[in-house]
Amino acid sequence: MARNQVKRISPDNLTADEAAFIAIEALGNYQPARGAYNKVNLVACRDAMEAARELEVKAENNLKAARDDAVASEWEFHNSILGAKVQVIAQYGDDSNEVQALGLKKKSERKSPGRRKAVVK
């Protein structure tokens, strides 16, 4: 038995386990000394593993869909705020306190462009 049963089992080990499971199913007279390892319990374990894997895939797909929905709504909100900022500028003017309240600079606070220095070659 492995010590760290929190990490995923490697795909190679799982493939080998599945091959061993098929081989055990093919044994006609398999009667283990410990009942926990009989065919019925092995089938139940395999079915539980497959159900858990299927649930995991569905959960991953749901997570991806939820993430896509969240991204879309974030962009919708962002674009709405950008449009609202334009409307505030149009309604109150680009040098108003309302524009400053939105976190934008007033037109009078912007630095005017200066002359460019000539590059000497």
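Only the coordinates and a few stated rules stand behind these numbers; no lab work does. Nothing here was measured: the structure is a model prediction, and the numbers come from that model. Note that each Cβ is placed from the backbone with ideal geometry, even for glycine, and that neighbours are counted across all protein chains shown.
Worth a mention:
- Set side by side, the residues 112, 73, 108 differ, and just one is polar (S, T, N, Q), exposed (fewer than 10 other Cβ atoms within 10 Å of the Cβ) and in a helix (DSSP H, G or I), which is 108.
- Test: residue in the stretch 69-79 that is in contact with a helix residue (DSSP H, G or I) (Cβ under 8 Å, 6 or more places away or on another chain) and not charged (D, E, K, R): no
- Top-ranked residue of the stretch 92-105 - restricted to ones that are under 40 Å from the mean Cα position of the chain (by Cα) and of a type in the set (D, E, K, R), ranked as nearest to residue 81 (Cα to Cα): 98
- Residue within the stretch 32-54 that is exposed (fewer than 10 other Cβ atoms within 10 Å of the Cβ) and not in a helix (DSSP H, G or I) present: yes
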